Protein chains: 2
Amino acid sequence: MSENKIPYKIYLDESEIPSKWYNLRADMKNKPAPLLNPATCKPMTAEELGAVFCEELVQQELDDTTPYIDIPQEIRDFYKMYRPAPLVRAYCLEEALGTPAKIYYKFEGNNTSGSHKLNSAIAQAYYAKKQGLKGVTTETGAGQWGTALSMACAYLGLDCKVFMVKVSYEQKPFRREVMRTYGADVTPSPSMTTEVGKKILAEHPGTTGSLGCAISEAVEVAVSNPGYRYVLGSVLNQVLLHQSIIGLETKAALDKYGIEPDIIIGCAGGGSNLGGLIAPFMGEKLRGEKDYRIIAVEPASCPSFTRGKFAYDFCDTGMICPLAKMYTLGSGFIPSANHAGGLRFHGMSTTLSQLYHDGYMEATSVEQTSVFEAAEQFARVEGILPAPESSHAIRVAIDEALKCKEAGEEKTIVFGLTGTGYFDMVAYQKFNDGEMSDYIPTDEDLAKGLSSLPNVPEQ
Amino acid sequence: MSENKIPYKIYLDESEIPSKWYNLRADMKNKPAPLLNPATCKPMTAEELGAVFCEELVQQELDDTTPYIDIPQEIRDFYKMYRPAPLVRAYCLEEALGTPAKIYYKFEGNNTSGSHKLNSAIAQAYYAKKQGLKGVTTETGAGQWGTALSMACAYLGLDCKVFMVKVSYEQKPFRREVMRTYGADVTPSPSMTTEVGKKILAEHPGTTGSLGCAISEAVEVAVSNPGYRYVLGSVLNQVLLHQSIIGLETKAALDKYGIEPDIIIGCAGGGSNLGGLIAPFMGEKLRGEKDYRIIAVEPASCPSFTRGKFAYDFCDTGMICPLAKMYTLGSGFIPSANHAGGLRFHGMSTTLSQLYHDGYMEATSVEQTSVFEAAEQFARVEGILPAPESSHAIRVAIDEALKCKEAGEEKTIVFGLTGTGYFDMVAYQKFNDGEMSDYIPTDEDLAKGLSSLPNVPEQ
């Protein structure tokens, strides 16, 4: 396997880093449904959104017609510090599986945030800086998004206030310290620093917090402090736009060697990675130029696509954010303590939801122990210790490669390896000790979550 | 700064990964002194060394005449999974410092072990496999070497037994779990699984262990179990040989753009990184072809070069290993709890010691808090969170760049960024909280350590 024409890692030149993001919505016949104001059930206006988000990001959020949007030079300069990300040919995994399939993965973990989150963090921080803001606020659960935003803000000299779910703040002190090293102000949520935090603490004195609550605190601080806006690491259209850099680079690398993928696989939480990875491929599919099997992988414990409902719902548990039409388990759905923190969101990107609804992609769910089995196998032969989130895609890539082996088919499989698992060793330890369990919500659990869906008049 | 001729990251092609290691000793007029058998004070023979180390590694250890040694194809294949490592132009750091100096760093942290250690781990594991052995044993302190060896052994299907200093085993559970995920058998040292461990535990019931003790246990298991050998991650000539890949790639990348370094800087613990980084440059210097300033950086708390003695000493605290002629603080020297675990070794590579003794390189020592100040500044502008060990080199690179600013000199500085600090957040937290202190051993401390030097007849 030593002298292959296709190298282990396909690196693009710096000059080949895409100069424009690709806006998938421009090629969609059925556009993703607009965000609604929860009070009026009318589409959110640019002005309403501008109270929470930066102006230019609001434009990007609402723009569903412009196919390509220039990446500002300052952002491209930052991208050069950790991009292009390598597209890796998984020769060793192929050999270990004995499959005729050709497996590639786009590795987004070669940066200190350890994930693809940095691609959107720098963009959002840049527009905040450009608008003359003092800083941004956000929430973080597992900590990857908070780390990415801290790095971007340190680079640009912006203030960064992160509300970190209290249980993570205490259980993941290392993540917290990385953010602090990058100068971020990290507050365990719920906190006494916000009205909503005080209210929640009064009602639930011992609570260890939730993403929904942290969002509420971050939004409150953004709207009540002049010079601050709120930023979010997934779900939004603007985030998928920024993350399209993943797919554009992947496509450029494949094109360089004349490789045509048959199957494209990504893990899906809020959709930031999946939406970015598949963007240009889905564009070709939407325009009828090419056909690909595109597979979203979600945890069986939080199965928005495979067992959720396509409906308007709140993006946050606190029910203060706009309503989004998406595949959802209901904002009242409480995911089990699945370790892939980044995939524990009850909803899904509206863009991806519409595409799934229209039959342009498949979705499948996998159980946690089988995900860690795949992660371990991958780590041992490919060297990289994958994040639990990313390992959902590895699981399905391996399964598809084994199907190829059975059928004797030489398919080309591409999957997104979103990040590394250095800060997830508690989960790996459980797996190593044989103490990891699976959890699949019952139909009753799901019905309970869906009962929280708001009543929204047909649009 | 956007359209520079020299990119942010200079990547070589896979085909440009060196096919031979460079054996610096071949170009040394004064060869490093041989290892001595502590019982006889005579040079260790290949046969004696072969009881502990793999045959081919013994040959490499003793060979001080062959300048280039072929890298076996299997090792080159493994290198392709994470090499070539990028040579990064620190544009952002230069701008932040306002220096006319041009700063480059060779980044060795883009792999799961998080450091350069993998370069020698795969080589040593390969030769063990080739010899038909069942497995290897080693010790690890901070855990980078143990992780690297676990990865290499997982890849080759070798058994890997790691003795991890008990205090690290307990305080760094994540490192331990990474090794276990790669299938290694990790034992806290001292343990009841070896005779020497039992003896130490009987004498010091509450001990949290030491590197010296872990070495003794690992060696005992290697020599008393058929099919096992002991491997070591630093100090040895063979390790410097394997690590020459760092310097060879660095030189190839610089040559590609016609860049001539003025100053080359590396952190120095046992010498594995420094010896590898400087190898081809030092070769030119030894052959009188070029001149470079070469600077070794060590912690003020463990100053082997700058305050030690050039003498024969034991490599381990347990005094069972061969004697090496090196700059040493005495095997009885107890370093303070400096967080750069990888630089807490009392001695130094014999090759580097001879070169320093002969005036071919400089050495300087730096204090811990100033190292973390440099680390933080670097992280915020360059994005990468550096390991404390690597940050010693960053400190001196910044200091040299600031001298250039003062003098208005456009020097080219190259330093080795050996790894990432993801598993060192306890130290960063101390720094972030303002609770980090410096420690410089007194002359009495040093005299006490040096009093442990063995009596060796003049060779």
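Summary of computed values
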read-out: Flag if A:Arg175 is within 14 Å of chain B (Cβ to nearest Cβ), surrounded by fewer than 23 Cβ atoms within 10 Å (Cβ to Cβ) and of a type in the set (Lys, Arg); value: no
read-out: Of residues in region B:135-147 being farther than 26 Å from A:Leu93 by Cβ and of a type outside the set (Ser, Thr, Tyr), the one nearest to the other protein chains (Cβ to nearest Cβ); value: B:Ala142
read-out: Condition met for B:Phe423 (modelled with pLDDT under 95, buried (at least 21 other Cβ atoms within 10 Å of the Cβ), over 19 Å from B:Tyr105 (Cα atoms) and in contact with a Lys or Arg (Cβ under 8 Å, 6 or more places away or on another chain)); value: yes
read-out: Which numbered condition B:Thr181 fails, given (1) open to solvent by 30 Å² or more (accessible area, probe 1.4 Å); (2) under 18 Å from A:Phe431 (Cα atoms); value: (1)
read-out: Residues that are outside any strand (DSSP E or B) and not hydroxyl-bearing (Ser, Thr, Tyr), drawn from region B:93-109; value: B:Leu93, B:Glu94, B:Glu95, B:Ala96, B:Leu97, B:Gly98, B:Pro100, B:Ala101, B:Glu108, B:Gly109
read-out: All positions within region B:197-230 that are at pLDDT below 90, surrounded by fewer than 23 Cβ atoms within 10 Å (Cβ to Cβ) and touching a helix residue (DSSP H, G or I) at 6+ places or on another chain (Cβ under 8 Å); value: B:Ile200, B:Thr207, B:Thr208
read-out: Residues satisfying the stated conditions in region B:378-388, i.e. open to solvent by 10 Å² or more (accessible area, probe 1.4 Å) and within 12 Å of B:Phe423 (Cα to Cα); value: none
read-out: Enumeration of residues in region B:420-443 that are over 15 Å from B:Ser390 (Cβ atoms) and of a type in the set (Val, Ile, Thr); value: B:Val426, B:Ile440, B:Thr442
read-out: Test set (1) outside any helix (DSSP H, G or I); (2) of a type in the set (Gly, Ala, Ser); (3) within 18 Å of B:Leu149 (Cα to Cα) - B:Ala222 fails condition number; value: (1)
read-out: A:Thr138 being outside the structural domain of A:Ile278 (by TED's automatic domain parsing), more than 21 Å from A:Gly421 (Cα to Cα) and either among the polar types (S, T, N, Q) or surrounded by 21 or more Cβ atoms within 10 Å (Cβ to Cβ) (or both); value: yes
read-out: Extreme residue, farthest from the other protein chains (Cβ to nearest Cβ), among residues of region B:90-108 that are of a type in the set (D, E, K, R) and under 19 Å from A:Pro86 (Cβ atoms); value: B:Lys106
read-out: Counted residues, region A:409-438 - those being more than 9 Å from chain B (Cβ to nearest Cβ), of a type outside the set (Asp, Glu) and part of a loop (DSSP other than H, G, I, E, B); value: 5
read-out: Candidate set: region A:58-89, residues that are open to solvent by less than 20 Å² (accessible area, probe 1.4 Å) and without any contact (Cβ under 8 Å) to a residue 40 or more places away in the chain; chosen: the one farthest from the other protein chains (Cβ to nearest Cβ); value: A:Val58
read-out: Those helices (runs of 4 or more DSSP H) lying entirely in region A:284-395 with at least 1 residues within 14 Å of another protein chain (Cβ to nearest Cβ); value: A:368-382
read-out: Single condition A:Ser150 does not satisfy, out of (1) within 14 Å of chain B (Cβ to nearest Cβ); (2) at pLDDT below 95; value: (2)
read-out: Check on B:Pro38, more than 10 Å from every other protein chain (Cβ to nearest Cβ), modelled with pLDDT under 95 and open to solvent by 20 Å² or more (accessible area, probe 1.4 Å); value: yes
read-out: Members of region A:109-134 that are within 20 Å of B:Gly109 (Cβ to Cβ) and more than 14 Å from chain B (Cβ to nearest Cβ); value: A:His116
read-out: Filter result for A:Leu286 (open to solvent by less than 10 Å² (accessible area, probe 1.4 Å) and either of a type outside the set (S, T, N, Q) or out of contact with any Lys or Arg (no Cβ under 6 Å at 6 or more places or on another chain) (or both)); value: no
read-out: The listed residue being assigned by TED's automatic domain parsing to the domain that holds A:Leu355 and hydroxyl-bearing (Ser, Thr, Tyr), out of A:Thr187, A:Thr250; value: A:Thr250
read-out: Some residue of region A:265-283 being within 21 Å of A:Asp358 (Cβ to Cβ), in contact (Cβ under 8 Å) with a residue 24 or more places away in the chain and among the polar types (S, T, N, Q); value: yes
read-out: Verdict on A:Ile278 being among the β-branched types (Val, Ile, Thr), at pLDDT 95 or above and either in a helix (DSSP H, G or I) or under 16 Å from the mean Cα position of the chain (by Cα) (or both); value: yes
read-out: Residue count, region B:305-320 (criterion: open to solvent by less than 10 Å² (accessible area, probe 1.4 Å) and within 23 Å of B:Pro457 (Cβ to Cβ)); value: 2
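Each row is one residue, and each column tells you yes or no for (1) at pLDDT below 95; (2) over 23 Å from the mean Cα position of the chain (by Cα).
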{"site": "B:Asp63", "(1), (2)": "no, no"}
{"site": "B:Ile75", "(1), (2)": "no, no"}
{"site": "B:Leu87", "(1), (2)": "no, no"}
{"site": "B:Leu93", "(1), (2)": "no, yes"}
{"site": "B:Thr112", "(1), (2)": "yes, no"}
{"site": "B:Leu118", "(1), (2)": "no, no"}
{"site": "B:Tyr126", "(1), (2)": "no, no"}
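The values are calculated or read from the model by the stated rules, or taken from the named source; none is laboratory data. A quick note: this is a predicted structure, and the numbers were derived from the prediction, not measured. Cβ atoms come from the backbone with ideal geometry, glycine included; neighbour counts cover every protein chain shown. When the accessible area is computed, the model is the full protein with side chains, heavy atoms only, and any ligands, DNA or RNA have been set aside. Shrake-Rupley method; radii C 1.70, N 1.55, O 1.52, S 1.80 Å.
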